[in-house]
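The values are calculated or read from the model by the stated rules, or taken from the named source; none is laboratory data. Source: prediction; values computed, not measured. Note: ideal-geometry Cβ built from the backbone for every residue, glycine included; neighbour counts use all protein chains shown.
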Amino acid sequence: MTQNENGKLPHDTESYWRTDIEFPKFPSLEEDIQVDVVIVGAGITGITSAYLLVNEGLKVAVIEAGKVLNGTTGHTTAKITAQHDLIYDEFIHNIGRSNARLYYEANTEALNFIKETVDRHKIDCDFSTQDAYIYATTEKYARKIEKEAEAYETIGIEGGLVDSIPFEIDIQKALVMKNQAQFHPTKYLVQLLQLITQKGGLIFENTAAVNFETGEQPVVLTREGPRITANHILACSHFPFYEGLGLYSTRLHADRSYALAVKAKKKYPGGLYISADQPTRSLRSVTVNGEEMVLIVGESHKTGQGIETMEHYKALEAFGEEVFGLEKIVYRWSAQDLITLDKLPYIGELTSGQPNILIATGFRKWGMSNGTAAALLFRDMILGKENTFEKLYTPSRFYANPSLKNFLKENANVVGQLIKGKLDSPKTNPEDLSNGEGAVITLEGHRKGAYKDDEGKLHIVDTTCTHIGCEVEWNNGDRTWDCPCHGSRFSFTGEVIEGPAEKPLQKYDYKMIDNLTSEDSGY
Ligand code: FES
């Protein structure tokens, strides 16, 4: 692991959850197939759904555009809790007391399901029960925490207010939710993958869904050509690979956040912690090669709209130094989450009235419990069983407050970003970039994105996002091009890392550009 010359930060991003474990490899789909259920996306929702459905005797195929467990699930904090920031007081006001209680129950049921599954199959995944705390360092947030404590009491959540937490953080108030949990998510899910294949489930990597045909037996069309016919399609691909009439681009926004795994000088006291105040700080322990380490997570911002990305890591480093004293930073990585208008996930019919095409997305930062809850709901919907949570999560719901307000705000933000990007005309000359540096530049009067790699080779792309045309921004921490409108992300060579964009950014050969006319260069 190389260290950043400016401090202790590792040079490269690498999630601990993806380094400590051997991932199984799966073939890509080579021919048309027919199954009962096809699942698009091999993260926690897709894999848990497949596990549940093969156990019901159904023939299941999971397809993944890249490698299994390489999306948000492989970059999570892996807390399994129903304490999702300050949410229950807000939910009681916006969606009602019974729905707020249902949300708590759905996430608690998910937590219990994970625990039972770990016990049943004796899965070695560092699962442990932990109390979860949310704390306030300011008077303003202390008042909010007191309101949240009242909400806990109203809907019957076990917990209560406390005045201190075992860190040198000057807090005003904290609220505990008892008996939550943490685990190693990829160790858990790799075991589920094995159980799925043992029961005849099919898994395909490097097989990207690009569209589907509706009907009694809908069909998933893949980029590579083969078709999968099924009775049900489950879209578990984070941003939906196909929006149908659901208008998901207008009802979701993408947030990025950052994580460090650190060897601390002080012993970690146990527990899950998150700050109520901004910037968010989230803490838990993790065991790396037998050594206890601390995960420090936070600094979230809208994708493509943050400050220079290394600054986020440095802010977490400074916080870790102050609270624990840092011996070393072993890993750093970032994650992307999708957030809905009313903060409840969308789980259910992708387009209302099409019961055989289901979607799960918008878990905010709480995908371990919400993703598992989605899988449990999918199982019941496919088997035609009643499920208490179906109405709560249905994507066609609309709560006038706050959905309308947030709908207007988010879409005004998209329009603002679209216009802002078009008006920017940066002055950077690509020759001035240092190795490892990227920037938006102007070439022949057109906005372009340039990255000079560690060997000094320039990679130039068109910065117009291939989704609906916003201008991508450079993410220096991850060396990616990120779109501020709906969160698509592209590698420095322009390949799609994360949708909703499906097509790569257009590449430019820098040497050729000198000789190109505007017409030649595609304008
Ligand atoms: Fe929608 Fe880029 S992700 S325009």
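Here are the numbers:
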{"read-out": "Index of the failed condition, ASN206 passing every other in (1) within 16 Å of the ligand (Cβ to nearest atom); (2) part of a loop (DSSP other than H, G, I, E, B); (3) among the polar types (S, T, N, Q)", "value": "(1)"}
{"read-out": "Enumeration of residues in segment 112-156 that are closer than 15 Å to HIS84 by Cβ and of a type in the set (Lys, Arg)", "value": "LYS144"}
{"read-out": "Within segment 112-195, strands (runs of 3 or more DSSP E) holding 3 or more residues that are modelled with pLDDT of 95 or more and crowded, with 17+ Cβ neighbours inside 10 Å", "value": "128-136, 173-182"}
{"read-out": "Residues of segment 332-376 classified as among the hydroxyl-bearing types (Ser, Thr, Tyr) and more than 16 Å from the chain's Cα centre (by Cα), total", "value": "2"}
{"read-out": "Residue count for segment 467-504, restricted to those that are more than 10 Å from the ligand (Cβ to nearest atom) and assigned to a loop (DSSP other than H, G, I, E, B)", "value": "11"}
{"read-out": "First in segment 83-97 and touching a residue at least 24 places away in the same chain (Cβ under 8 Å) and closer than 17 Å to ALA174 by Cα, second anywhere and in a loop (DSSP other than H, G, I, E, B) and of a type outside the set (A, V, I, L, M, F, W, C), Cβ under 7 Å, 6 or more apart", "value": "HIS84/ARG364; ILE87/LYS343"}
{"read-out": "Those residues of segment 20-50 which are in a helix (DSSP H, G or I) and farther than 12 Å from GLY371 by Cβ, in sequence order", "value": "ALA50"}
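So that you can scan it fast, the table gives a plain yes or no per residue for (1) surrounded by fewer than 17 Cβ atoms within 10 Å (Cβ to Cβ); (2) over 15 Å from the mean Cα position of the chain (by Cα); (3) part of a loop (DSSP other than H, G, I, E, B):
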| site | (1), (2), (3) |
| --- | --- |
| VAL220 | no, yes, no |
| GLU224 | yes, yes, yes |
| ILE228 | no, yes, no |
| ILE233 | no, yes, no |
| PHE239 | no, no, yes |
| SER249 | no, yes, no |
| HIS253 | no, no, no |
| ALA261 | no, yes, no |
| TYR268 | no, yes, yes |
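Let's see how each residue does on (1) assigned to a strand (DSSP E or B); (2) surrounded by fewer than 21 Cβ atoms within 10 Å (Cβ to Cβ); (3) in contact with a strand residue (DSSP E or B) (Cβ under 6 Å, 6 or more places away or on another chain):
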{"residue": "VAL297", "(1), (2), (3)": "yes, no, yes"}
{"residue": "TYR313", "(1), (2), (3)": "no, no, yes"}
{"residue": "LEU316", "(1), (2), (3)": "no, no, yes"}
{"residue": "LYS328", "(1), (2), (3)": "yes, yes, yes"}
{"residue": "TYR331", "(1), (2), (3)": "yes, no, yes"}
